[in-house]
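Let me begin by presenting the structure, written as structure tokens, before commenting on it.
The values are calculated or read from the model by the stated rules, or taken from the named source; none is laboratory data. All figures in this text were calculated on a predicted structure; none of them were measured in a lab. Positions of Cβ are backbone-derived with ideal geometry, glycine not excepted, and every protein chain shown enters the neighbour counts. Quick note on the areas: whole protein, heavy atoms, side chains included, nothing else; ligands and nucleic acids left out. Shrake-Rupley method; radii C 1.70, N 1.55, O 1.52, S 1.80 Å.
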Amino acid sequence: MMQKTGVSFNDVYEYCRNEDMKTLAEKCPLHEAVNDMVIRHLPSPIEAQEGRVGAIWHGDKTSEIGKAMKDADANGDLAFMVTDIAMDPHAGEVATGRLFSGSLTRGMEVNVSGTTAKNRIQQVGVFMGPERLEVEKIPAGNIAAVTGLKDAIVGSTVTTLEDMVPFESIQHASEPVVTVAVEAKHMKDLPKLVEVLRQVAKEDPTLQIKLDEETGEHLLAGMGELHLEVIGHRIERDKGVEITTTPPIVVYRESVKSHAGPVEGKSPNRHNRFYIEIEPLDPEIIKLIKDGEINMRMPELERRELLMNAGMSKEEAKGLVDIYESNIFLDMTKGIQYLNETMELILEGFTEVMKEGPLAREPCMGVKVKLMDAKLHEDAVHRGPAQVIPASRQAIQAAMLLAGDVLFEPYQKVFIQVPQEQMGGATKEIQGRRGIILNMTSEGDTTVIESKAPVSELFGFAGDIRSATEGRAMWSTEFAGFESLPANMVTEIVNEIRERKGLKAGVPQPEDFLSM
């Protein structure tokens, strides 16, 4: 580029120093320089395709679709991965992603992973900068933008095949740790708010939205106070719905400290009994689950091998029947009649407890649940959902409390850049919020502080750090996982959460869940 334009680094520096960007842009257009770099240094889709497919698709590489994706075959079966969904005021939902195989044309009927109904593609286009340019046909190897995929979400696999192995799901480094309740300011906007929240959840997969059936509120869970503020602002500005939000609350996690059980869970009619053991799940297995390397969709033998390599015994690895977030359910029983047809109901009880633990109805993490034995009534009428689900649920809840149910609170890393003379104010602000200074480095007159603090203590941090440093600090946050709540705070926090959720006051005991 320098040879072509005759502009050297010294010239660039002089133009920038003299603030004459206009002349520099005319002599050496940035888009040309970037485009030349992309063409010269990045591999073409055909060269890069083999590595990409191997990293995110775990199907048979020797199958027709495997070969077509490896070669970016425009004449092969369609394989398209959705990586972004945006709302267009005129065209509706626009799904953007990479086309690995086949060609996209208007009017095509396609299958979306996880759904049974077919979707019809209405428009196909490519992005030219921020603008979407409609075209008739897009061959494999391109990044395409299509409309008409009403069932697609971020991470969906779109194909013309009926039984294609989907691409692996997209994993996010952060988890939703802060929740606000959202209501429409005007009652007439309620139907519109419901639709807007559905759209927002599709656009931002790091956001979780659920309806609190007891209060009728819509709960938004996000990565932090700022994330939820931005979402609220977008709902009002872009979607035109005025909303009111509650102050943010922290979402804790429940886990266990030790082994407990077997604990007996009896059905209300006393005809069915389940014997449950609970223990903490190994951190190595939790990491494999969070990284997406172990899931229930993969071949059983492959999954068993990975679990055994991570330290799980062969019997336990064979008994894995369900994974919910970072919790697992193992069936350790042998030859129990009617268990197979009842297992779905037992797992429903397991899922309910993992969504809302016994201590404070907070989500659970890192729990290994083992079904050691079961006694089932021979008549199907006496082992229906109303009998099996409560028995399974209560046994798991009681076992968790016996295993030392503990609360974990979310932490965020806080990075602060501040002039040296304002450093004291910044460190004092962090340490006053149960924060820990991890590292401090100097870059010229600026100090970079790396620290971590509980999310619950960081509400209102933006205003306070501005005051403490006379507005001269620049800061950012990053999710830093969960750490156990200090023992002296557990009772207070549990009581606060239970009061907020309308639950019975006091820390629950195992006897509360065991039917005598």
Top positive-direction residue, dipole computed over the chain with Cβ charges, set A374, L220, Y252: A374
Residue-wise HN-Hα coupling along the stretch 463-469, computed from phi with Karplus coefficients 6.51, -1.76, 1.60 (Hz; x: Gly, Pro): x, 5, 5, 5, 5, 5, 10
Cα centre as origin, Lys/Arg/Asp/Glu Cβ charges: the stretch 1-155 dipole, Debye: 260
Hz values of 3J(HN,Hα) by residue in the stretch 39-51 - Karplus curve (6.51, -1.76, 1.60), Gly and Pro given as x: 5, 7, 10, 8, x, 5, x, 5, 6, 7, 4, 4, x
Largest to smallest accessible area among M164, M308 [probe 1.4 Å]: M308, M164
Two-decimal log10 I(q)/I(0) for the chain, as the Debye equation yields it once each C-alpha is a single scatterer, q = 0.09, 0.10, 0.12 Å⁻¹: -0.89, -1.08, -1.39
Amide hydrogen neighbours beyond the local backbone of D373, cut-off 5 Å, H modeled: Y275
Average accessible surface area per residue within the stretch 365-516, 1.4 Å rolling probe, Å²: 48
Probe 1.4 Å, all protein chains present, accessible-area order of L288, L197, largest first: L288, L197
Peptide ranges 227-240, 381-394 listed from the most packed, as the mean C-beta count within 10 angstrom indicates: 381-394, 227-240
Probe 1.4 Å, protein heavy atoms only - accessible area per residue of the stretch 36-132 in square angstrom: 55
The chain, dipole about Cα centre (Lys/Arg Cβ +1, Asp/Glu Cβ -1), debye to the nearest 20: 400
Förster radius 51 Å - calculated FRET efficiency between R17 and K318 (Cβ-Cβ, nearest 0.05): 0.15
For L78, distant residues with modelled amide H under 5 Å away: T160, L161
Protein accessible area in the stretch 55-174, 1.4 Å probe - carbon and sulfur %: 52
Summed residue charge, Cβ within 11 Å of F415's Cβ, Lys/Arg positive, Asp/Glu negative: 0
Volume per residue of the C-alpha convex hull in the stretch 114-179, rounded to whole Å³: 171
D331 accessible area, assembled protein chains, probe 1.4 Å, Å²: 40
Backbone HN-Hα couplings from phi across the stretch 490-504 [Karplus 6.51/-1.76/1.60, Hz, Gly and Pro as x]: 4, 4, 4, 5, 4, 5, 4, 5, 5, 5, 4, 8, x, 9, 4
Label point at M489 placed 7 Å out along Cα→Cβ; residues across the stretch 219-239 whose backbone nitrogen lies under 20 Å: 222-226
Top positive-direction residue, dipole computed over the stretch 7-121 with Cβ charges, set T105, Y15, P29: T105
Lys/Arg +1, Asp/Glu -1 at C-beta; the stretch 359-516 dipole; positive extreme among A468, P510, N439: P510
21 Å Cα-Cα threshold exceeded, pairs from K137/K239; K150/K202; K318/K370; K118/K192; K202/K287: K137/K239; K118/K192; K202/K287
For Q412, residues with placed amide H under 5 Å, excluding near neighbours: A453, V455, A480
Efficiency of FRET from Cβ geometry, I436 and R472, R₀ 25 Å, rounded to 0.05: 0.60
Helical contribution to [θ] at 222 nm, DSSP H n ≥ 4, -39,500 (n - 2.57), averaged over the chain, rounded to 500: -9500 deg cm²/dmol
Within the stretch 54-145: Cβ-based charge dipole about Cα centre, in debye rounded to nearest 20 (Lys, Arg +1; Asp, Glu -1): 120
